[in-house]
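The values are calculated or read from the model by the stated rules, or taken from the named source; none is laboratory data. Predicted model only: the values in this text are computed from it and were never measured. No Cβ is skipped: glycine too gets one built from the backbone with ideal geometry, and neighbour counts run over all protein chains shown. The accessibility values were calculated without ligands, DNA or RNA, using every heavy atom of the protein model including side chains. Shrake-Rupley method; radii C 1.70, N 1.55, O 1.52, S 1.80 Å.
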Amino acid sequence: MMDGFIIRALLAGSAVVTVTGVLGVFLLWRRMAYFGDALSHSALLGVALGILLGGQEYWFVLAVCIVVALLMTRIQRRPELSNDTILGILGHGGLALGLMALHFSTQAGGRSLEAYLFGDILLLQDTDVYFALGLSAVVVGVVWYYWQSLLLMTAHPELAQAEGVNTERLGLIYMLLIALVIAIAMRVVGIFLLTALLIIPAATARRLARTPEQMVFIAIVSGLVALMLGLASSLWWDSPTGPSIVVVAVIEFALVQLIPQR
Amino acid sequence: MSEQVLAALEHVSLRLNQRDILHDISLEVHPAKVLTLIGPNGAGKSSLLKILLGLEQPTVGKVWRKPGLSVGYVPQRFQLEPLMPLTVERFICLGSKPKQSVQSVLQAVGIEQLQQASLQGLSGGEMQRVLLARAILKRPELLVLDEPGQGVDVAGLSELYQLLTQLKNDYDYGVVLVSHDLHLVMAATDQVLCLNTHVCCSGRPDAVTAHPEYLKLFGLPNIEQNLAVYTHHHNHHHGLDGSVIIDSCEGHTHG
C-alpha cells in the first residue's frame, strides 16, 4: 500500500510534467526560455503577497505572473532595451521584492523559504493536488483548442496573421498559459528549478521527434520518467526531491544525445 | 462595386508617427490580371499590402474586398525556426483546408520530391516554392506575393516569373506582386503601379517606364550611359539545386 503523500506527489507531479511538456516545446521553438525563467522568478512575489495578505497563494502567484507577463509585452515594444534585459529586470525585480516581503512576514505560513525556492512535492495537501489537476486540465484544453493556430504562429507569425490568426491575442493566451503552469509547478520543483521542467524534457524530445505532436508526447513521457525516478531517489536516498527530478531529466537529455542523429 | 473587381482601394492614406506612409492611393485588383507594385525602399509597398490584406487600417480612405474573397499570401522568403520538426507536407497543410492534393500542388511548383523533406534543410529557393505551394493549395482567387524576387539573380528571376505566369494561367487567379526592382518586372504584368508614398504613375509596363514621373524618380541617365542590358546566350539553364540542364546540344560541346 502506497502512502498518501506519495500518491499526492505522483498525481500532482504528473499534472505538472504534462503541462510543462506541452508548453515547454513552444518555449523551445520560440526561443523563449528566459521568458519562463523571469516569470517563475517573479512568482515569489506572488507567494509573499499570499502570505502577507492571507489566502490561497495560487491566485496571488497567478495574478503576479499575469501582471508581469503583460508588463513584458508592453515594454518589449520599446526599442531602447533588448528582451533579455527586460526579462532580467522584471524577473529579478519580482524575486528581490518577494524575498524582502517574505523576510518581513514573520509567520511564513508553515513553509520555509526553501520550500518555495526548491519545491516540496512530498508535503502537498489534497487541495494542492486538486489545483494541479484542475489547472492543468485547463491548460491542456486551451492548447488543444488552439493547436493548429499555435503551430502556424510559431512557424511563421506573419503568415498566420495574413491567414486570419489573431497573433496578438494568441500570443497573450500563450503567456497566460505559462503563468498558469508556473502557479501549478511552483509547489513541485520550486521557482528556481521550474524552468528546467519546461526546457529540458522538450530539448530531450527535439532529437527524437519527427512531428510537433511527437515532440509533445516524448516531452511528457520524459517528464514522467524524471518525476518517478526523482521521487524514487528521494525516497531511497533521502535526496531533495525537486533537484532529483531535474537531475534525472538532465541525465535523460544526455543519454538521448548519444543516439546518432537520423 | 462591379463583379469584375476582387479588391479596391479608394483614396487611401496612411499616417504613422506623424509621417505620411501612403497618400491618396486608389487601385483596383481584377480577376486573372497581374498588378505589379514597384517603388524604392520605404515607398510604403508593405503597408499597402497590409491594408489590401486587411491587416492594417488606413487613416483615410476606403478599402473594399469582394465578400468571401480567398487570398493566398506568399510572404518574403525566410529561414524557418530550425527547432520545430515539420515536414514540407505538414507545413503546407497547417491550418488550412486543402482543395486539392498536396502532391499536385508540389508538382505544379516543381518540388514534388520534397513532400516528406524536413523544412529545416531547404534552400531559400525551395522554401519560396513551399510558401507558394501553400498559398495556392486552397485555390485562391487572389495571390499576393511580397518581394518574391528578393535575393534572386536575374536568371533565377526569369525562371521564377515564368513559373508564376504558368501557375497564373493554370489557376486563373488575380495576382498582386510587390517588387523593389524598378526595372525588371514580370512580362505577364497587366498593370504596373509605381509607388513612392503616392502613386507616381501607373499603366502597362512600357507606358510606365516612359512616364516622366518615373524617369524623374528612377531614370538615371548617367547610369544608362554606363550600363547596358547584357543578353546571355546560354545553351542550358539551372535547376533548383543548381544543376545544369542542357536545353539543346547543337552549337558546341561541353568539356
Tally of residues being surrounded by 15 or more Cβ atoms within 10 Å (Cβ to Cβ), within 14 Å of another protein chain (Cβ to nearest Cβ) and either touching a Pro at 6+ places or on another chain (Cβ under 7 Å) or outside any loop (DSSP other than H, G, I, E, B) (or both) across the range B:62-85
7
Please verify whether B:Gly42 is part of a loop (DSSP other than H, G, I, E, B), away from every other protein chain (no Cβ under 14 Å) and at positive phi, treating the condition exactly as stated.
yes
Please find, within the range B:105-146, the residue that is modelled with the lowest pLDDT out of those that are closer than 12 Å to B:Ile92 by Cβ and in contact with a Gly (Cβ under 7 Å, 6 or more places away or on another chain).
B:Lys138
Answer yes or no as to whether A:Phe192 is surrounded by fewer than 23 Cβ atoms within 10 Å (Cβ to Cβ), under 12 Å from the mean Cα position of the chain (by Cα) and at negative phi.
yes
It is to be established whether one or more residues within the range A:104-115 are more than 14 Å from chain B (Cβ to nearest Cβ), under 17 Å from A:Met32 (Cα atoms) and open to solvent by less than 40 Å² (accessible area, probe 1.4 Å).
no
Within the range A:133-170, which residues are open to solvent by 60 Å² or more (accessible area, probe 1.4 Å), more than 7 Å from every other protein chain (Cβ to nearest Cβ) and either charged (D, E, K, R) or in contact with a Phe, Trp or Tyr (Cβ under 8 Å, 6 or more places away or on another chain) (or both)?
A:Glu168, A:Arg169
Among the residues of the range B:112-162, which ones are in contact with a Leu (Cβ under 7 Å, 6 or more places away or on another chain), farther than 18 Å from B:Lys33 by Cα and in contact (Cβ under 8 Å) with a residue 60 or more places away in the chain?
B:Gly125, B:Glu126
Has the range B:90-106 got any residue that is outside any loop (DSSP other than H, G, I, E, B), away from every other protein chain (no Cβ under 14 Å) and either open to solvent by 60 Å² or more (accessible area, probe 1.4 Å) or in contact (Cβ under 8 Å) with a residue 40 or more places away in the chain (or both)?
yes
Which condition number in (1) β-branched (Val, Ile, Thr); (2) modelled with pLDDT of 85 or more; (3) not in a helix (DSSP H, G or I) is the one that B:Val152 fails?
(2)
Suppose the filter is within 14 Å of chain B (Cβ to nearest Cβ) and either free of Cβ contacts under 8 Å to residues at least 40 places away in the same chain or open to solvent by 20 Å² or more (accessible area, probe 1.4 Å) (or both); does A:Phe253 pass it?
no
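Residue-by-condition table, conditions (1) more than 14 Å from the chain's Cα centre (by Cα); (2) open to solvent by 10 Å² or more (accessible area, probe 1.4 Å); (3) of a type in the set (D, E, K, R):
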{"site": "A:Leu198", "(1), (2), (3)": "no, no, no"}
{"site": "A:Pro201", "(1), (2), (3)": "no, no, no"}
{"site": "A:Thr204", "(1), (2), (3)": "yes, no, no"}
{"site": "A:Ser233", "(1), (2), (3)": "yes, yes, no"}
{"site": "A:Trp236", "(1), (2), (3)": "yes, yes, no"}
Collect the residues in the range A:5-48 that are farther than 21 Å from A:Val64 by Cβ and without any contact (Cβ under 8 Å) to a residue 24 or more places away in the chain, keeping them in residue-number order.
A:Ile7, A:Arg31
Just for the range A:24-45: of the residues that are within 12 Å of another protein chain (Cβ to nearest Cβ) and open to solvent by 20 Å² or more (accessible area, probe 1.4 Å), which one is nearest to A:His103 (Cα to Cα)?
A:Ala33
Just a yes or no: is a residue in the range A:208-215 in contact (Cβ under 8 Å) with a residue 12 or more places away in the chain, surrounded by fewer than 19 Cβ atoms within 10 Å (Cβ to Cβ), within 21 Å of the chain's Cα centre (by Cα) and part of a helix (DSSP H, G or I)?
no
Run B:Asp20 past the list (1) at pLDDT below 85; (2) part of a strand (DSSP E or B); (3) surrounded by 19 or more Cβ atoms within 10 Å (Cβ to Cβ) and report the number of the one that doesn't hold.
(3)
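Every residue, every condition in (1) open to solvent by 50 Å² or more (accessible area, probe 1.4 Å); (2) closer than 23 Å to A:Arg210 by Cα; (3) touching an Asp or Glu at 6+ places or on another chain (Cβ under 6 Å), yes or no:
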{"residue": "B:Ala108", "(1), (2), (3)": "no, no, no"}
{"residue": "B:Gln113", "(1), (2), (3)": "yes, yes, no"}
{"residue": "B:Ala117", "(1), (2), (3)": "no, yes, no"}
{"residue": "B:Val130", "(1), (2), (3)": "no, yes, no"}
{"residue": "B:Pro140", "(1), (2), (3)": "no, no, no"}
{"residue": "B:Val144", "(1), (2), (3)": "no, no, no"}
{"residue": "B:Pro148", "(1), (2), (3)": "no, no, no"}
{"residue": "B:Tyr161", "(1), (2), (3)": "no, no, no"}
Filtering the range A:46-71 down to residues that are over 17 Å from A:Leu97 (Cα atoms) and of a type in the set (A, V, I, L, M, F, W, C), which residue is least open to solvent (accessible area, probe 1.4 Å)?
A:Leu70
If B:Leu52 passes every condition in (1) closer than 30 Å to B:Leu193 by Cα; (2) assigned to a loop (DSSP other than H, G, I, E, B); (3) modelled with pLDDT of 85 or more but one, which one does it miss?
(2)
